[in-house]
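First up is the structure itself, then whatever we jot down about it.
What follows is calculated from the coordinates using simple rules that are stated; it is not laboratory data. Predicted model only: the values in this text are computed from it and were never measured. In this analysis, Cβ positions are derived from the backbone assuming ideal geometry, glycine residues included, and neighbour counts consider all displayed protein chains.
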Amino acid sequence: MIPNNREDEMLSRFAVQNRSDHERYFDEEPDPYRTSFQRDRDRLIHSKAFRRLGYKTQVFVNSEGDNYRTRLTHSLEVAQIARGVSAALGLNRDYAESIGLAHDLGHTPFGHAGEGELHTLMENHGGFEHNCQSLRIVTLLESRYTNFNGLNLTRLMLRGMMKHGCAGRCALEHLKDLCEDPFAKFWPLEAAIVDASDQIAYLHHDLEDGLDSGYLTFDELFELNVWSDAYARAEQGEREKFTSLRPPHRLRFLLRHMINDSVRNLIETTSSSFDALGLNIEDPAFPSQGERDYPVRFSSETKEKLISLRSFLFQRLYRHPAVMKMSRRGERIIARLFAEYIRSPEILPAHVQNRIGDYGLHRVVADYISGMTDRFAWKEYSYLAGDTELL
Ligand code: MG
């Protein structure tokens, strides 16, 4: 019996199908009430790595304010958008949701600055990259079960998480057979939906957090075509309502519409490319991601808008002096911790030291530091630096 198989009747031929016995690295009895992907999702939500996302930087360090996005709220937003888009397209919603929840698990503390620093420190030891690290977490580092490391997610789930194939910058030797699997050529469309949903979520939400922080101003947004277009349309469309709104509400109103426009565009553009594609997803001629006919995509107009939003955020927010200052501090903390643990592995917790024999000191230190929350990394740094004022 396949639990919840009514949903399957609505799945398109491009969807990953639901079963309760999708293959896992370690055999397990199927669950009588949950499909394989529902079970994957539940395991992710109950993992420690998932809970730690609540105290990891998205753009603003967790200690800067309680209303900003964290990696946890971002992951929930991505999962929610991906689930809705997948449902509209007849793709597998539980599968997409699970990939969305897992997609940022491997992020270091202090956002991309932390990741960049850790990669530099690991340059001669295989490097570091967050997508790759997400796979290490769910296959090796989570420890909840007695007979295996990791969460024993379905192979399809791991495949969906492999954003950059197996060429990521970290150690995934244990997944070699998955990388060589003939299925590895096909990146499930649900994974591409998560990727597109991630772009929609972070671009609009960073814009909102940037404005809330005061680093971006309402006025400078009018330099951005996406914004002035949305503003002009809102004034025309619902003149009474929009113009009577106070500025903070105008902002939410516009952001909501901009997100909605992008989501609808993704659904509609992808849906018409489905109609035009005569191929099944298993067909070797099915276009690969990045090729022109790849069906999961935005229209060129929406894509342009998202690109302009991204470059605006890069110039004005991600490189804002105050954000750069947070980044520098994060890099310092990570570099100091890395040096201390490499010099004195005996100060690492016992369960971390136990892995040195299998993966080597550098990889184990990278695993440990990347798993830290912002506040734990900062506390550990302050302690080691002997700076009790920071504690
Ligand atoms: Mg993300």
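Rg over Rh for the stretch 311-391 works out to 1.08, using Cα positions for both radii and the Kirkwood form for Rh.
Within the shell of other residues whose beta carbon sits under 14 angstrom from the beta carbon of Q199, the net charge comes to -2, with Lys and Arg scored +1 and Asp and Glu -1. Over the residues of the chain, the helix contribution to mean residue ellipticity at 222 nm works out to -17000 deg cm²/dmol, using -39500 (n - 2.57) for each DSSP H run of at least 4. Which of the helices in the chain meet the span-like rule: DSSP H, Cα axial reach of 24 Å or more, Kyte-Doolittle mean at least 0.0? Passing helices, by number: 71-89.
Which log10 I(q)/I(0) values, to two decimals, does the stretch 13-144 give at q = 0.16, 0.17 Å⁻¹ under the Debye formula with one point per Cα? So the normalised log intensities work out to -0.90, -0.98. The H on the amide N of R24, modeled in the peptide plane, is under 5 Å from the matching H of R155, each at least 5 residues off or on a different chain. For the listed peptides 196-205, 243-252, 289-298, a ranking on the average number of other beta carbons within 10 Å per residue, highest first, reads 196-205, 289-298, 243-252.
The residue among Q289, F314, S272 whose Cα reaches farthest toward the positive pole of the charge dipole of the stretch 224-320, with charges on the beta-carbon of Lys, Arg, Asp and Glu, is F314. The residues packed around K305, meaning those with a beta-carbon under 11 Å from its beta-carbon, carry a net charge of -2 if Lys and Arg are +1 and Asp and Glu are -1.
The mean of 1/r over all distinct Cα pairs in the stretch 331-372, once inverted, gives the Kirkwood hydrodynamic radius of 10.2 Å.
Computed across the chain, the Kirkwood hydrodynamic radius from all distinct Cα-Cα pairs reaches 22.4 Å.
Over the stretch 164-296, the hull volume per residue, using the convex hull of the C-alpha atoms, is 151 Å³. Taking a straight line from the alpha carbon of K56, these lysines sit under 18 Å away, with near neighbours fewer than eight places off in the same chain left out: K48, K325, K379.
Selection among F186, L158, I137 by position relative to the dipole of the chain gives I137 as farthest towards the positive end (Cβ unit charges, Cα centre).
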